[in-house]
Amino acid sequence: MAPSDVSVIIPILNEAEALPALLQDLHRQVNVTIEVLVADGGSDDGSAEIVRSCPFARVVSTPRGRGRQMNRAAQDARGEYLFFLHADTRIRSSTLV
């Protein structure tokens with residue numbers, strides 16, 4: 001995978017309700033190359049399947065614990081910058097930076 005400008009890291013645990021809106025917001029970003037890493041701490045509500053259905057995002061399976069989840073995804077990140085978001089975050093603009 002080629003390097004990205006920004007690696008967006010989203011730690012989750014059962015966020016199936018909130019994830020689609022955030023993923024849609026991230027997908028419509030322009031003028032920036034992003035990779036989306038969703039650090040799943042063991043969701044059982046279909047959250048991982050939602051992420052896997054998005055070709056621009058990937059699941060990083062981790063043990064539970066927000067810090068462990070963020071650290072594990074950060075190890076896989078290829079972006080110049082790391083951007084950590086909660087799953088219920090909304091990005092109203094189409095320009096992340």
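Every residue, every condition in (1) in a helix (DSSP H, G or I); (2) among the β-branched types (Val, Ile, Thr); (3) at pLDDT 95 or above, yes or no:
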{"site": "15", "(1), (2), (3)": "no, no, yes"}
{"site": "23", "(1), (2), (3)": "yes, no, yes"}
{"site": "39", "(1), (2), (3)": "no, no, yes"}
{"site": "86", "(1), (2), (3)": "no, no, yes"}
{"site": "94", "(1), (2), (3)": "no, no, no"}
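Anything in region 1-13 that is open to solvent by 20 Å² or more (accessible area, probe 1.4 Å) and either over 21 Å from residue 80 (Cβ atoms) or outside any loop (DSSP other than H, G, I, E, B) (or both)? List them, or say none. It would help to see each step written out before you state the result.
Step one: filter region 1-13 for residues open to solvent by 20 Å² or more (accessible area, probe 1.4 Å), giving 1-3, 5, 13.
Within region 1-13, just 13 meets the criteria.
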Given 72, 58, 64, which one is part of a loop (DSSP other than H, G, I, E, B), open to solvent by 60 Å² or more (accessible area, probe 1.4 Å) and either modelled with pLDDT of 95 or more or not polar (S, T, N, Q) (or both)? 64
Exactly one condition in (1) open to solvent by 70 Å² or more (accessible area, probe 1.4 Å); (2) among the hydroxyl-bearing types (Ser, Thr, Tyr); (3) free of Cβ contacts under 8 Å to residues at least 24 places away in the same chain is false for residue 93; which is it? (1)
Please determine whether any residue of region 17-27 is without any contact (Cβ under 8 Å) to a residue 40 or more places away in the chain and open to solvent by less than 70 Å² (accessible area, probe 1.4 Å). yes
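Could you check region 56-94 and list, in sequence order, the residues that are within 16 Å of residue 25 (Cβ to Cβ) and not β-branched (Val, Ile, Thr)? Let's see the steps before the verdict.
Let us first name the residues in region 56-94 that are within 16 Å of residue 25 (Cβ to Cβ), namely 56-57, 83-94.
Result: 56, 57, 83, 84, 85, 86, 87, 88, 90, 92, 93, 94.
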I want to confirm something. Restricting to region 31-51 and keeping residues that are over 14 Å from residue 82 (Cβ atoms) and among the charged types (D, E, K, R), which single residue is surrounded by the most Cβ atoms within 10 Å (Cβ to Cβ)? 40
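Every residue, every condition in (1) free of Cβ contacts under 8 Å to residues at least 60 places away in the same chain; (2) farther than 15 Å from residue 89 by Cβ; (3) in contact with a Cys (Cβ under 6 Å, 6 or more places away or on another chain), yes or no:
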{"position": "4", "(1), (2), (3)": "no, yes, no"}
{"position": "8", "(1), (2), (3)": "no, no, no"}
{"position": "11", "(1), (2), (3)": "no, no, no"}
{"position": "38", "(1), (2), (3)": "yes, no, no"}
{"position": "66", "(1), (2), (3)": "yes, no, no"}
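The values are calculated or read from the model by the stated rules, or taken from the named source; none is laboratory data. Here the structure is a predicted model, which means the values were calculated and not measured. Counting neighbours? That spans all protein chains shown, and the Cβs are built from the backbone with ideal geometry, glycine included. In case anyone asks, the SASA skips ligands and DNA or RNA and just uses the protein heavy atoms, side chains included. Shrake-Rupley method; radii C 1.70, N 1.55, O 1.52, S 1.80 Å.
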